[in-house]
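Heads up: the structure comes next, in structure tokens.
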Amino acid sequence: LAAFRELAAFAQFASDLDRTTRAQLERGLRSQEVLKQPQFQPFPMAKEVTIIYALTNGYLDDVPIEKVRTWEVELHRFMESAHPEIIETITKEKALSDETIAKLRAAIDEFKRQVVV
């Protein structure tokens, strides 16, 4: 996040940003939204892993920033109802094996096909 904040500060003075810089700023804004949690109510590790995986792999790049929180809630609801075994595996293993990553990717792809942004 420090790199994002530095880039955002620089961008305030730049009138014309290239596509890559704009994409980095947009992802940084989404990162800030994803990292917000209710006070005294931290998310379980498996939920954090799921949303951070989605974020870092570009699944939220087309989600408007003001809808990121709703998208995240819906993703968690979807994972708990349609793919609880993935959440259980992440919780149990505390790591992402290649098999778990493949299942997580497929589940998030399925979610993306169903959700309207």
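The values are calculated or read from the model by the stated rules, or taken from the named source; none is laboratory data. Just so it is clear, the model here is predicted, and its values are computed rather than measured. All Cβ positions, even for glycine, are placed from backbone atoms using ideal geometry, and neighbour counts span all protein chains on display.
Restricting to the stretch 91-105, what's the tally of residues that are within 18 Å of Val73 (Cα to Cα) and not basic (Lys, Arg)?
1
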Open item on the list: Condition first: among the basic types (Lys, Arg) and part of a helix (DSSP H, G or I). Now tell me which residues in the stretch 63-112 satisfy that.
Closed with: Lys67, Arg69, Arg77, Lys92, Lys103, Arg105, Lys112
Task: Unmet requirement for Thr89, which otherwise passes all of (1) touching a residue at least 24 places away in the same chain (Cβ under 8 Å); (2) β-branched (Val, Ile, Thr); (3) surrounded by 14 or more Cβ atoms within 10 Å (Cβ to Cβ) - done: (1)
- [ ] Collect the residues in the stretch 29-80 that are over 23 Å from Glu93 (Cα atoms), surrounded by fewer than 17 Cβ atoms within 10 Å (Cβ to Cβ) and among the aromatic types (Phe, Trp, Tyr), keeping them in residue-number order.
- [x] Phe40
Open item on the list: Would you confirm, using the coordinates I've provided, whether Lys92 is more than 20 Å from Val117 (Cβ to Cβ) and of a type in the set (Lys, Arg)?
Closed with: yes
Open item on the list: Residues that are modelled with pLDDT of 90 or more and of a type in the set (Ser, Thr, Tyr): does the stretch 40-51 have at least one?
Closed with: yes
